[in-house]
1. How do 298, 135 line up, fewest other C-beta atoms within 10 Å first?
2. Only Cα pairs within less than 10 Å get springs; with that Gaussian network setup on the chain, which residue of 77, 127, 147 has the largest fluctuation?
3. Quick one: angle between helix 337-347 and the longest Cα principal axis of the chain, in degrees between 0 and 90, rounded to 10, please.
4. For region 87-246, give me the percentage of DSSP beta bridges that are antiparallel, rounded to the nearest 5 percent.
5. For the chain, what is the percent of antiparallel DSSP beta bridges, rounded to the nearest 5?
6. In percent, what relative contact order does the chain have, based on Cα pairs under 8 Å that are 6 or more apart in sequence?
7. Using alpha-carbon pairs under 8 Å, 6+ residues apart, how would you state the relative contact order of region 1-147 in percent?
8. Compute the acute angle (0 to 90°) between the alpha-carbon long axis of helix 77-89 and the principal axis of greatest extent of the alpha-carbon atoms of the chain; round to the nearest 10°.
Ligand code: GLY
C-alpha cells in the first residue's frame, strides 16, 4: 500500500492499493475521532459491485447504503436533497461520517452533502474509477450541477481520508480507463515529463498503484499552493477551458476524459499558432490516440465560444488559459474576450 499525506489545514491521508475496501472499517476506526454511524453513498453502477464489500467491512458501525442513479445527468440539486434527506431519516449527525463510494459524480455529490449537512461533517472518498482516483477524489472540490452549467453549486471541503482500492479498476471498461488516462496525460504535460514517457509506453498500466500515487503527488503540489483555485491550481485546467465547452456542445455524448483530450490538443494548437508556445501538439495527439481518445471534433469556433463563455472559468471579461511551454511545464495567461476568440479559432484543426 502507498500512502500520501495532503497537508491542507486539516491534513489527510491518501491510501492507494489493491484490496483497500475490505480494510475501510479498520481504517475508519483509526481516525482521530471515531464516527458513531456511517452513511455510504454510491450509485447504481458501483453499488451492485462493491457496496456489499464495503458493508462487510463496516459491520462494527451503524451504517446504511444510499444508492443514486449513475450518471452526470443525475448530479443535481434534487439528488443532493434526496441524499441529505436519507441522512436525516437515518439520524446521521455531524459527528458521523459520509463515505463516497464511486467515481467523480458520487464523490462530488456525497462530498457536497457532507459539506452542508448540519453545517458540515467529515467524509471519506473511495474512488472506484481511475479518473476520480487521479483527480476529483483529492483536493476537496465538491459540487452539483444546475441546468445553467456544471458544478455551479458547491464547496471546497477536503475529505478526512481517501481510500483508493485499485482492484476496483478491474471492472472498468477500456473507455473508462482511457478517461483516466486523459487526466494523467494532463498532469504529465503540465508537470512531469517522465510521467509523459511512462504514459507513452504500451504497458503503462503495469504498475497502476505507482501511476495513481504520482498523480496524487502532482495534484497535491497544485492544491497546496492554492486550495481555493484562484491561482496556480488553475494549471489543472489544461484542456478543460475548451474541453468543458466541447463536452457541453456534444451534450455529454463525449465523456469528460474524451473532451479533455480534445481540449488539450486544441489549446496547445491555439497557443502555438498565436505564438504563445513553441510546443507542437503532435506528441499529445500521438499519446492520446494510442489510448483510444479523440483529438478533434467538428464543432465550430462559434459553438465552442458559446459554451466556453458560459463557463465559470471566465472572470471579469477575461479567460485564464493554460499554456504548455514544453512537455512537463506550463504557465497561465489571461486573455481578454477578443484574444480568446482568436485563441479558439486558432485551436480548430
Ligand atoms: N480538477 C481540477 C482541480 O481539482 O482543481
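What follows is calculated from the coordinates using simple rules that are stated; it is not laboratory data. All figures in this text were calculated on a predicted structure; none of them were measured in a lab. For neighbour counting, all protein chains shown are included, and Cβ atoms are generated from backbone atoms with ideal geometry for every residue, glycine included.
1. Numbers: 298 7, 135 28.
Least to most surrounded, the residues fall as 298, 135.
2. Highest fluctuation among the options: 147.
3. Taking the Cα atoms of the chain, the angle to 337-347 is about 80 degrees.
4. The antiparallel fraction comes to roughly 40 percent.
5. Given both bridge residues lie in the chain, the antiparallel proportion sits at roughly 45 percent.
6. 15 percent
7. Dividing the mean separation by the residue count of region 1-147 yields 22 percent.
8. Tilt relative to the chain: about 20 degrees.
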